[in-house]
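The values are calculated or read from the model by the stated rules, or taken from the named source; none is laboratory data. Quick caveat: nothing in here was measured; it's all calculated off a predicted structure. Backbone-built Cβ (ideal geometry, glycine too); neighbour counts: all protein chains shown.
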């Protein structure tokens, strides 16, 4: 049986414009969703949990790791696309800029990291972990933007926001480690 690789986006966070986005933590809802799924045993074949260095991803990974008695490996280069040039944007403005980010992957929109660069970075990090060839399933915990770029890569499709997770967080997709084929497109965390 082939090992499964899952990429999970952190669920809901506490939004605070006064705090840098990478330092936002999970909200009560995000934490409760993660704890509920961690208790199901659906991830029992997981032997590695790899997280972005952003607080919300680490908190998500730690909840799951505690149930599986695993350590979380933090890989700083798995962070969300670098949006520090604009900082926090109000939701409507953020969505408009995110649309441009995906629509023009070769261009830095308002100083954001280019989508092609973010995609290369997240693929490189995932492939470095998978090159270890450790037995068991692997769970990567990260973010919607780079998660979508990763999904596009392993699905063999061009960067496009139509391949984005359908909600605001707490979604996953899965691919087989052996042939890197996507086995499950975006699904809610609760569908693990």
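Values as computed for the structure displayed
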{"quantity": "Residue 58 crowded, with 18+ Cβ neighbours inside 10 Å, modelled with pLDDT of 95 or more, under 12 Å from the mean Cα position of the chain (by Cα) and part of a strand (DSSP E or B)", "calculated": "no"}
{"quantity": "In the stretch 170-181, residue farthest from the chain's Cα centre (by Cα) [restricted to those that are within 30 Å of residue 27 (Cα to Cα) and part of a strand (DSSP E or B)]", "calculated": "175"}
{"quantity": "Test: residue 77 is part of a helix (DSSP H, G or I) and at pLDDT 95 or above", "calculated": "yes"}
{"quantity": "Members of the stretch 152-170 found to be surrounded by fewer than 16 Cβ atoms within 10 Å (Cβ to Cβ) and under 23 Å from residue 106 (Cβ atoms), listed by number", "calculated": "155, 156, 157, 158, 160, 162"}
{"quantity": "Check on residue 11, surrounded by 14 or more Cβ atoms within 10 Å (Cβ to Cβ) and assigned to a loop (DSSP other than H, G, I, E, B)", "calculated": "yes"}
{"quantity": "Residues satisfying the stated conditions in the stretch 111-169, i.e. over 22 Å from residue 101 (Cα atoms) and assigned to a helix (DSSP H, G or I)", "calculated": "127, 128, 129, 130"}
{"quantity": "Any hit, the stretch 108-127, residues being surrounded by fewer than 17 Cβ atoms within 10 Å (Cβ to Cβ), at pLDDT below 95 and out of contact with any strand residue (DSSP E or B) (no Cβ under 6 Å at 6 or more places or on another chain)", "calculated": "no"}
